[in-house]
Amino acid sequence: MSVFDPEVDASTPTDPPAGYHTIQWFSLPHPVARQLRPLVRDGRWLQCRVEGLTWMLEPVPSDRILILWDGRTAKHIKARGISAFDRGQPFLFRRFPSDSKTCGGAGAGRNAQNGRETEEGEGPSRWGGGRFTGPPHFNVTVHIYDPLDGTHPKPPELELGERPIHPSREAYQLGEDESVFDLARRLYGLPILKPLLNLNERHSYDRLPAPGSRIQVPGFRLPISGSANPQTKSISLTWDGPTEGQQNLPFQPGPAATSGETRFWDFRIPVKAGDYQLTARNGTVEHSRTIRIEPPSNPRAQPLDVCYRPETGEQLLVTDYLTHQIDTDSQLIDDALQALNDAVEADDQEAIPEKKAAVMKALAPAGRSDTGIAGLTELAGYKGRKATYVRSDKIANHVRRYSLAVTVRDERRFTDATGSFDAAKAQRTLKEDYQGGLEKVDFKLNLAQFDTAMTDWAESWNETTGQKRDWLADSDHFTATTEAAVMRLMAGASLSASVSKTAIGLAANASASAALAEGKVTVESHFPDKDGFALQLELENKHSPDTTTLDFGAVRASMIIELIGFAGAKALVCANVELSMDGSKAALKGLTDNEAREKAESDSDFEPHPPVQGADVGASAFAGISGGCGVKGALEWDNPEQRTGDEPAFSAFAEIGGEFNAQVGGGGEAKLYVAFDDGKFMIRSRVGACFGVGAAGALVATVNVNTIYDFIQCIYHQLMKFDFRKLEFIDERAFQAFHQIISGALQLGEQVLDCIQNSVEDISEWWKRVVLATEHDQQAKQLAENILNDDQGLVQFAPPEAKASLLRKLCIVKGAVNKLGLNLFNENREEAVIKVLSTVTCEREFIEITERMGPDGPLHPSETGWISDQGKELIRSLLDGREDLQFMRWYMNLPRYATKEGTAAWAALSAQQEVKLV
């Protein structure tokens, strides 16, 4: 059927034909009325009731007007028909003979007899609102349009978020004691700030509105429009429902008041879900309409996160604001730690102090002057991570907590019948808890991801005790104190999915055990680093008033450090450290810049790293932490005997630990000092002098069964380097015990440690009995066999005093110089003598040996008057003619000083380049 009606009889000037009515200007959309008004000034025009749009290809007849309204624009269809491109609500008008009394056009109300306006009239108002007297266009009218254009049931049902309702901003003033978090809780049930901040561009997560501020809040506005008679001076609209209020719209006097054009009006009213009564008033005339607004079918989606706080045993609900705070804060800490870790792995010694200072600065807000880093919080399972660290003040508020001990376990709100965490059940429970807000919000949780992350978290901490699938049970085995959290942070727990294999702040080759569930890290590291420190000792020289420098070689401390809690974290992050003895045990303690300055005043050997600009800001994070971390390990030196190439070969010559008796010898100010006490060789080292910049304090180390032979090698190499002069860093009594033990062990064929007595006096008495006595052929025979069968390498590394004792013992029998002839005993003695002499590295060593071959033992010639030639003649008395000649040639070609690079055996072999003894 065509949208255009078939012909109707319009010749009878009575009521409008069927299907037609006068033009109801108040109900026309304003753009349609504006298009229509110029077209209907001549003739009698009526409006046709059109239920829907029928497409026709023929043009619009000349006595019809067709206007399409698509909700935004009005389109006049003229010469052509309605095509597939024409969409919208049709408004059809038709011209009829003008003598009809029912006219809705511009000629309505004119008197046909005299052709002028009727001055007065009486009858029902065509606009409604009672009877009128006077010209028709002075009728007082008001009308509220249907917000849905009459296409929906009455009362109209609208939905928030759907047209014609649109989102808007509403002004709101916070109360003097009302925070933006309070407002967010009232709106959404949780302190969700993002919707509010989106409407207030000058505010952000870091710049929140203060109480009492005027802000914009999200809302919805509904357009309400209508019409009124041309002479209308003002319209008022009142609405009553979930929101209520009144708006007024005044009209300015103008041509519309005399031209008869309808007044159109519209308002935007704030609405919420519920029923509304709308009332428009024009003077004494009013029009009412009822509408219903439904909640949104697709509420706002809002992501939420959850995490576990081991320290309090609580599950935390993480909102958008808390997410921002955690991400910002943890990233700041992680970036500082990662930069430090990178510098350590790259062994960038210049950058490490600066990076440590940056870590200190990042942790400063978490510091407490009396308890250390008391303000650090550890979170597990946040965004699928095993560990996240933030400063506690950042999450002190705005957190909804669920206790594992009560809410989760006892009340079974988050667990199944077996007590295991049930992600689906927890999801339902949490949603029930935060649906109390005024606005409907669809919170999105991913508890399955959280449960998976927490299961991995628990298993990683419990690998040594057996895996448990339920992290609720595993959390019982986790040390959740702040001290333990700080230690895990410093060990790199937040930088990777698993615990970092490099302990931050230590040497690049350090390794840390994964016992972090208890907040402990056992670190193996070298101090000051893997290459050691080139130790140089200033020793007295009897031939010069000035001291002579002894290049001791590279030394380092190989340490196993048990880092625990605040003290462990401080030791890792401070640029300066102190190594000291707590009784017989060593301890390592970090020094802040202030502590380092104070330590430098009392420790002349301590050269602290210069403070980095701004580093003092971080000192408060470790203020009040005075404890140290237990240290085990050894003092090592670059031992030429162990080298296989150009790379250093460090070996331990003493194990860290023991009590150094200050009354035993002097050396209190020496960088390195060796003494003998209570049956042990003890080494005291001033850390700053022995290990370089950044270290203070003093270490004590003990020579034991594991280190005795490296200790012997070390002392011999120092003698070689110092041209066999007196080593001032060794106590005289300790050196006496040293050479007596070596010669005694060779005499008896026993291990060196088995020959050590409780005191120097005991060793001396023992030595006199087994070595000094020369009347026994059997002792000389046994000594020769032991030297020839020496499997400890003692002969090579015996100091001149020990070699002197051995040679005199071999050369003197029954108290006299005696050649016993070519028998087996004599041959063994000669071979033993040659073996001892073949370890001599230079003329200086030979002179030191022969000067000490007197009858009173290996004493300094100033005490005995014995000279080198006497010792040399004593050796020659044992040798026969050919061997004696070879010996003299060897002696005459000895180099003055020993070769100081390489092994001792190589130095001895180099001394025989011209003439070999064998």
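Some points to look at:
- Rounded FRET efficiency, nearest 0.05, which uses the C-beta distance separating Ala301 from Arg214 and R0 of 25 Å: 0.30
- Dipole magnitude (debye, nearest 20) for the range 528-723, charges at Cβ of Lys, Arg, Asp, Glu: 380 debye
- Placing dummy labels 7 Å off each Cα toward the beta-carbon, the span from His76 to Ser420 is 7.7 nm.
- Exceeding the 28 Å Cα-Cα cut-off - candidates Lys383/Lys440; Lys721/Lys835; Lys355/Lys589; Lys386/Lys599; Lys589/Lys721; Lys386/Lys520: Lys386/Lys599; Lys589/Lys721
- Net lengthening on full extension, Leu885/Ile560 (0.36 nm per residue, minus Cα-Cα): 111.4 nm
- Separation in nanometres of the label points that stand 7 Å from Cα toward Cβ, at Arg428 and Asp146: 4.3 nm
- The gain in end-to-end length when the Met892 to Leu249 segment is fully stretched comes to 218.8 nm, 0.36 nm per residue minus the alpha carbon separation.
- Proxy reagent accessibility, fewest Cβ within 10 Å first, across Ser420, Ser179, Ser62, Ser525: Ser62, Ser420, Ser179, Ser525
- For His717, net neighbour charge (Lys/Arg +1, Asp/Glu -1) across residues whose Cβ lies under 13 Å away: -4
- With all pairs of different C-alpha atoms in the average, the Kirkwood value for the hydrodynamic radius of the range 731-918 is 16.5 Å.
- Proximal aspartates and glutamates to Lys916, defined as alpha-carbon separation beneath 19 angstrom and excluding residues fewer than eight positions away on the same chain: Glu827, Glu830, Glu831, Glu843, Glu845, Asp880, Glu883, Asp884
- In terms of surrounding Cβ atoms within a 10 Å radius of their Cβ, His76, His739 rank from fewest to most as His76, His739.
- In plain terms, the chain from Glu540 to Glu345 could stretch by 66.1 nm, reckoned as 0.36 nm per residue minus the Cα-Cα distance.
- Residues Glu350, Glu750 in ascending order of nearby Cβ atoms (within 10 Å, fewest first): Glu350, Glu750.
- Pairs with C-alpha atoms separated by more than 27 Å, drawn from the list Lys803/Lys900; Lys632/Lys803; Lys75/Lys233, are Lys632/Lys803; Lys75/Lys233.
- Across the options Pro861, Leu874, Gln778, the greatest Cα extent toward the positive end of the charge dipole of the range 731-918 (unit charges at beta carbon of Lys, Arg, Asp, Glu) belongs to Leu874.
- The alpha carbon centroids of the range 828-880 and the range 669-686 are separated by 30 Å.
- Set of the range 732-763 residues, backbone N closer than 20 Å to the point 7 Å along the Cα-Cβ line of Ser584: 753-760
- Label-to-label distance, nm, for residues given as Asn594 and Lys726 (7 Å Cα→Cβ offset): 4.8 nm
- Anchor Lys272: aspartates and glutamates whose Cα lies under 14 Å away (excluding residues fewer than 8 positions away in-chain): Glu157, Glu159, Glu162, Glu170, Asp240, Glu244, Glu294, Glu439
Throughout, read-outs are computed from the coordinates displayed, never taken from laboratory work. Since the model is a prediction, treat every value here as computed from it, not as a measurement. FYI the Cβ positions are ideal-geometry reconstructions off the backbone, even for glycines, and counts take in every protein chain you see.
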